[in-house]
Amino acid sequence: MSVQAPPAAIPTPSHIEPPNPSHPASTSPLPLPPIFQHDPAPPQLITQGAEALLYRTTYLLPSIQCALKYRPSKPYRHPILGARLTKHRILSEARVLAKCRKEGVPVPAVYGLDEREGWLMIEWIAGEVLRIKLNEWLKQRKDEKVPEERENAPDGGRIHEGLHVLKGLMGRIGSAVGRMHGVGIVHGDLTTSNLMLRPRSNDTAEGGAGDGDGILDGEVILIDFGLASQSTADEDRAVDLYVLERAFGSTHPRAEGMFSELLAAYGKSFKGANIVLKKLEDVRMRGRKRSMLG
Amino acid sequence: MISIGLEGSANKLGIGIISHPAPGKPALILSNLRHTFNAPPGEGFLPKDTAKHHRSWVVKLVKQAMAEAKVSITDIDCICYTKGPGMGAPLQSVAVAARMLSLLWQKELVGVNHCVGHIEMGREITGAQNPVVLYVSGGNTQVIAYAEQRYRIFGEALDIAVGNCLDRFARTLEISNDPAPGYNIEQLAKKGKVLLDLPYAVKGMDCSFSGILASIEILAAELKKNPEWRDPITGEVITTADLCFSLQETVYAMLVEITERAMAHVGSHQVLIVGGVGCNERLQKMMGLMAKDRGGSVFATDERFCIDNGIMIAHAGLLAYKTGFRTALEESTCTQRFRTDEVFVKWRD
C-alpha cells in the first residue's frame, strides 16, 4: 500500500509549457499532512482553488463522503504571514460554518480541523457549482437574449418561461445570501463559484422547476467561507453584495441584467436588508471612483 | 501601418511610434521616448506642475521620436492619445498637443483608454494569449480577464491603489522619487529581515490598502521616536528597511492572492502583470511561484513597457484604428474617469 497520497490529476493544459521542466514534480500540490497518508483509499483531489486544495475522502465510515480542504503554505508568502493567515482562516471558517448551521443557513457541516496543519474537513455537498450550471443554461439559450427587455417579445412563450426559471434562481440566491447576512455573517468572497446547486432529494421540484430542463433546479448552498467573518455592519454586507455583483457581471455578462432579481429577493430576506441595498449604492459609487487616476 | 502615441495621464510624458506590418507579424517599435516629472522627496507630483512639465516637453519629444523612428509625417496613419483615466490637467495638456498635431498634419485622432493600452502592449510584448491581467500602478489596481469583447474587471482596490500606497509611504519616509519611489522602496526592502504585523485586507477578489498605509505610517512614526526599537521575537533592531520589507511582503501577497483567486475562478493558467508597480521584481517573483504551483506561467515586461509610455497608446490606438475606430476632433476630449470595461474591444475574438 502506498502511503503517499499522490494528487491524482492536477489540470495542466498541454499547450502551456511547465515553467521548469527539470522539476516535473514541482507543479504538483504538496503532499497531505501525515494523518491523511494512511487511508487505504487516499483522498482524491477535486479542485485546486485559489487558497486551498479540495479533496474528496470519507469521514468515520466509508459510506460517509466528506470534503477535505487543505491549505498548504504558499511558497510566495512569507512563512510568518502565511501561518498567521492559515490559522485565522481555518478557525474563522469553522466558527462561521458552525454559526450558520445553528441558525439554519444552508452551508456544509464541520467534521474536524487542524489549524496548524492547515486542514478542515466538512460535509460533502452533492451537485454542481452554480457558475457551471448557469453557464450551461445560458449556453443553451445562446441565441435568445436574456435581459428583461426581451420578456415581451412576440415569441415570448419559451423565453418567458426561461426567464422565469432564471428569475427563480436569482431569487433563491438572494434569499440565501440574505439569510446568511441576517444571522450576522458576511462571506467575503461571494462568486458563482462559491455557490452550489444541490439537487433536491425528493422529486417535489418546488420553487425552481419551470421549463423542464431542470438545469437551474436545486437548493442553493453557500460554500467556501475562507474569507468570511462575523459582522452585522451594513458596510460589510454591502461590500459582500458588491463583490458578488461584480463577479456575477464579469462571469455571466449575458445574465447581468438579472442581478436586480437577486437584490429584490435579498431586500425581503431580513430586517434591515433595505438599508444594506441603499449602502450598496454608496459602495458602487466608491468603486466607480477608483477608475479616476491612471 | 504606423501610428504615433501620446501619453501623459500622470507624471510621465511618453511619445512612441509603432508600426504594424502585415497581419500576424509582430509590431515594430520605431521609437519609445519618455520624460518624467519628479517631485522632490516628501512630496507628490501636483497636477498643475505636471501639466506644465508635459506642455514644455511635448514638442521636443515628438520631434525627437520622429527623428529616431526615421519616419516622415506622410508615413503616419493616425495620432493616438490617452483619453483617460488619469489626472485632469496633464491629460488635457497632452490632448491639446494631439489635436494640434492632428490639424497640423491632417491626420485622424484615436482616443485610447490608458488601461487597455497597458494590457494590449503587455500581450504584444510577451505573447501571452488570454491571460488574467494584474494591472498595478500609482492610480489603478485591477484584476482583469477578457470575455466577450471587453476587458472585465474581476477585482480591484476598493480605496487607494497599491502604487499610491507605496508612493505615500515613500513620502512619509522622505525616500527619493527618482527614478521612482516604488523602485527605491524595493531596493531598501532587499535589506529588510523582520516582518512586522500589518493588516491583510483581501475581500474576495478585491482588496484595500488605506488601512495598511495608516498602520505602516504609525510604525514609521514609532521607529522615528525610538530608533533602538527591537523585534520582540528575534531581538533584532528594526530599521527602515524592515518597514519597506514588511510593506512589500504584505501588499504583494495580497495582490498575488487576488490574482490566484481570479485564475481559479476563470480557469486560466497565465498571468500578465502590467503597470508601473509591475516592474517590481519581488512581485514578479512571487507571482511566478504562485503560477508555477498552478502549472502555469507569468508574463511581465520591463520598465520600458510597464511604466507609462507612448508606445502602448500608439499600439492600442492602432488596433482600434484598424477596426474603423476614429475620434472626431470635436469629441477628442479627455476624462479622469474611464473604466477598463467601458471599451468595446472590437479587435479581439
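The values are calculated or read from the model by the stated rules, or taken from the named source; none is laboratory data. The structure displayed is predicted, hence computed values, not measured ones. Backbone-built Cβ (ideal geometry, glycine too); neighbour counts: all protein chains shown. Please note that ligands, DNA and RNA were not included when accessible areas were found on the heavy atoms of the full protein model with its side chains. Shrake-Rupley method; radii C 1.70, N 1.55, O 1.52, S 1.80 Å.
General observations
- Where labels lie 7 Å past Cα in the beta-carbon direction, separation of residue B:73 and residue B:187 in nm: 4.3 nm
- Distance between the pseudo-spin-label points of residue B:48 and residue A:65 (7 Å out from Cα toward the beta carbon): 6.8 nm.
- When each of B:25/B:70; B:12/B:191; B:12/B:70; A:142/B:83; B:193/B:224; A:99/A:139 is checked by Cα-Cα distance, pairs over 26 Å: B:12/B:191; A:142/B:83; A:99/A:139
- Per residue of A:42-49, other chain Cβ atoms within 10 Å of the residue Cβ number 1 on average.
- Among B:178-189, B:230-241, B:84-95, the order from most to least packed when residues are scored by Cβ within 10 Å on average: B:84-95, B:178-189, B:230-241
- Per-residue mean of C-beta atoms belonging to partner chains within 10 Å, peptide B:260-266: 6
- Applying a 4.7 Å cutoff between beta carbons, the unpaired cysteines of the protein assembly as shown are A:66, A:100, B:78, B:80, B:115, B:165, B:207, B:244, B:334.
- Bridging of residue B:190 to lysines at a Cα separation below 17 Å is possible for B:285, once same-chain residues fewer than 8 apart are set aside.
- Descending by average beta-carbon neighbour count within 10 Å, the peptides B:246-256, B:323-333, A:273-283, B:167-177 line up as B:246-256, B:167-177, A:273-283, B:323-333, the highest first.
- Region A:24-123: C-alpha gyration tensor shape, a/c 1.5 cut-off, then a/b vs b/c: oblate
- C-alpha long axis of helix B:310-322 to longest principal axis of chain B, angle in °: 50 degrees
- Nearest-ten-degree value, helix B:162-172 long axis tilted from longest Cα axis of chain B: 60 degrees
- Pairs of Cα atoms nearer than 8 Å and 6+ residues apart set the relative contact order; for chain B it is 26 percent.
- Angle between chain B longest axis and helix B:114-126 axis [Cα atoms, degrees, rounded to 10]: 90 degrees
- Relative contact order %, region A:24-123, counting alpha carbon pairs below 8 Å whose residues are six or more apart: 21 percent
- Number of partner chain Cβ atoms within 10 Å, mean per residue of B:81-91: 2
- Contact surface A-B: accessible area buried, both sides summed, square angstrom, 1.4 angstrom probe: 4500 Å²
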